[in-house]
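The values are calculated or read from the model by the stated rules, or taken from the named source; none is laboratory data. What you see is a predicted model; the values in this text were computed from it and never measured. Here the Cβ positions follow ideal geometry from the backbone for every residue, glycine too, while neighbour counts run over all protein chains shown. Areas reflect the complete protein model, heavy atoms only, side chains present, ligands, DNA and RNA absent. Shrake-Rupley method; radii C 1.70, N 1.55, O 1.52, S 1.80 Å.
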Amino acid sequence: MADPILLVRPVRGSVGERERLVHVVGRSGQSDRPGVLRAFCGAEFNADDLDLLDRVTGMPCEDCLRLVPLPQPVERNEVAGELPFRPKPTGYLYEQLADHLAQLIETGRLRPGTPLPAERRLAQQYDVSLGTARHATQLLRARGLVVTVPAKGTFVADAVPEGGNRRDLGDQPETP
C-alpha cells in the first residue's frame with residue numbers, strides 16, 4: 001500500500017515562505033532533524049509552522065505535484081469481485097486465467113448457471129488479449145466447467161459427474 005500523504009501549508013507569517021503554497025508530505029517524510037518535515041519537492045518545514053489541510057485550498061506546489069508518487073492501480077479481476085488474478089511470468093497466460101476461473105467455480109464464487117462475462121469483457125477485466133480470453137474459455141469448456149449456448153453466452157456448468165469434472169450436455173456420450 002502506498003504511503004499516506006499529508007497536505008500542508010505554511011502558516012501566515014512563517015519564515016521562508018512568501019507564497020503560501022500547498023505542499024505534499026509523505027507520512028514517512030520526516031527529515032533527519034526532529035520536528036522538521038520534508039515535502040516531496042525537497043522543502044523542509046518546522047512542523048509547528050504548518051497548517052494541516054484536508055483538501056487543497058490555494059495554490060499547490062508544482063514540484064510536489066510532479067514528484068508525488070501515483071497511487072498503485074487497484075487489482076482488476078473480478079468476475080466475482082474476489083481472488084485477485086496474479087499471473088506468473090512463466091507458463092501460458094490462457095492456462096493461468098482458466099485455472100483462476102476454475103478456482104472461482106470450484107470454490108463456489110461462481111455458481112452453476114452463472115453467466116461468464118463475454119470474452120471481450122473478460123479480456124478487459126483481466127487485462128489480457130481477446131485471444132487469451134477466448135483460449136481460456138475454450139479450455140474451461142474442454143474441462144467441462146462451462147457451457148456455451150449459441151446466441152446466449154457462456155455459463156458455469158450445472159452438473160458435476162461422479163468423476164469430478166463438470167460436463168455440459170453436448171459432451172455427454174449418447175445413450176443407445
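Brief remarks follow.
- Thr107, sole failed condition from (1) open to solvent by 70 Å² or more (accessible area, probe 1.4 Å); (2) modelled with pLDDT of 90 or more: (2)
- Neighbours by Cβ (under 8 Å, 6+ apart or cross-chain): first from segment 96-119, touching a residue at least 40 places away in the same chain (Cβ under 8 Å) and on the phi > 0 side of the Ramachandran plot; second crowded, with 16+ Cβ neighbours inside 10 Å and polar (S, T, N, Q): none
- For Gln172, the criteria (1) of a type outside the set (D, E, K, R); (2) at positive phi; (3) at pLDDT below 90 hold in every case but one, which is (2).
- Just one residue in the set Gly81, Gly58 is at pLDDT below 85, surrounded by fewer than 14 Cβ atoms within 10 Å (Cβ to Cβ), touching a strand residue (DSSP E or B) at 6+ places or on another chain (Cβ under 7 Å) and assigned to a loop (DSSP other than H, G, I, E, B); that residue is Gly58.
- Of the residues screened, Leu97 is one that is open to solvent by less than 40 Å² (accessible area, probe 1.4 Å) and either closer than 14 Å to Pro84 by Cα or among the hydrophobic types (A, V, I, L, M, F, W, C) (or both).
- Members of segment 102-153 that are closer than 17 Å to Phe85 by Cβ, in a loop (DSSP other than H, G, I, E, B) and basic (Lys, Arg): Arg109
- The single residue among Cys41, Cys64 that is assigned to a loop (DSSP other than H, G, I, E, B), of a type in the set (A, V, I, L, M, F, W, C), modelled with pLDDT of 85 or more and out of contact with any Lys or Arg (no Cβ under 6 Å at 6 or more places or on another chain) turns out to be Cys41.
- Looking only at residues in segment 24-37 that are at pLDDT below 85 and under 20 Å from Glu62 (Cα atoms), the one that is farthest from the chain's Cα centre (by Cα) is Leu37.
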